[in-house]
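Taking it in order: structure first as structure tokens, then the write-up.
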Amino acid sequence: IERTLPKMVDTVSIASEGLRQLCLELGVRRDRIFEAHVGADLGRFSPDISGEDIRRYHDLEGKVILYLGQLHGAQYLELFLHAAQVILDGRKDVTFLVVGGGARFGELHRLTEELGINHKVVFTGSICHDLVPKYIALADVAVACFADNKQTRCKSPLKIAEYLASGKAIVASDVGEVRRMVSGCGILTKPDDIGSLVDGIQKFLDDSKLAQEMGRRARKRAAEK
């Protein structure tokens with residue numbers, strides 16, 4: 001399908017530089033490729049939104065580290081959970097929140113039991129799309145972790161756009177469009193690297209002023225870009 005579609009269409013809209021290169025490799029003329037980056041509604045996702053009712057509903061204690069995404073395929077939640085194990089080995093004042101459902105829900109929940117962290121990791125399962133802004137709002141640190149492969153190099157992750165608009169302290173893997181989106185207003189980590197992810201999250205947990213400043217910059221980036 002990928003090889004056929006470029007021969008059938010007049011233009012291709014792309015959301016990342018990786019997709020541009022893929023289009024060129026498939027024979028799409030350069031003058032027929034147009035940028036259409038992802039973005040978030042600045043009204044729906046905002047630092048002014050409160051997630052306190054969601055925090056009470058799930059009885060979340062301490063600072064909350066958020067992972068948002070569907071739990072199937074290459075969503076890299078394992079990286080997040082292994083980082084959680086390392087962090088929880090040294091501190092008990094945080095809760096890890098996994099928002100989303102999918103075919104691997106049971107498997108990934110069992111992984112938290114094997115790692116001995118199931119008491120500090122909350123899985124919400126699938127949620128109503130209208131509640132996503134509130135779940136992001138309650139997070140102290142918002143995480144988007146990935147491996148480095150052909151798929152992720154083509155990503156322009158929607159959740160990062162939503163994190164930015166919500167004014168969150170963001171920790172994200174430096175792959176694909178993530179650097180363009182987050183650089184200067186969040187912490188970039190090595191893809192598929194547990195230690196780097198742990199260090200990034202710990203920096204925000206240990207420095208609330210840094211987290212607040214990066215959240216301010218994140219909102220500014222969302223509004224301007």
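The values are calculated or read from the model by the stated rules, or taken from the named source; none is laboratory data. Since the model is a prediction, treat every value here as computed from it, not as a measurement. As a convention, Cβ positions derive from the backbone with ideal geometry for all residues, glycine included, and neighbour counts pool all protein chains shown. We work out accessible area using only protein heavy atoms, side chains counted, and drop any ligands, DNA or RNA first. Shrake-Rupley method; radii C 1.70, N 1.55, O 1.52, S 1.80 Å.
At a glance:
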| item | result |
| --- | --- |
| Accessible area expressed per residue, region 82-225, with surrounding protein chains retained (probe 1.4 Å, Å²) | 44 Å² |
| Relative contact order for the chain, counting Cα pairs under 8 Å that sit 6 or more residues apart, in percent | 22 percent |
| Share of carbon and sulfur in the accessible heavy-atom surface of region 94-217 [1.4 Å probe, %] | 47 percent |
| Crossing angle, helix 105-115 versus the chain [Cα axis fit, 0-90 degrees, rounded to tens] | 50 degrees |
| Angle between the chain longest axis and helix 194-206 axis [Cα atoms, degrees, rounded to 10] | 60 degrees |
| For Rg and Dmax of the Cα atoms in Å, calculated from these coordinates, the label among (i) 18.4, 61; (ii) 18.0, 56; (iii) 18.9, 78 | (ii) |
| For peptides 186-199, 20-33, 164-177, sequence by mean Cβ density within 10 Å, most packed first | 164-177, 186-199, 20-33 |
| Degrees separating the helix 77-90 axis from the principal Cα axis of the chain, which is the longest one | 30 degrees |
| Candidate aspartates and glutamates for bridging to LYS203, where Cα separation is under 14 Å - those fewer than 8 sequence places away on the same chain excluded | ASP140, GLU213 |
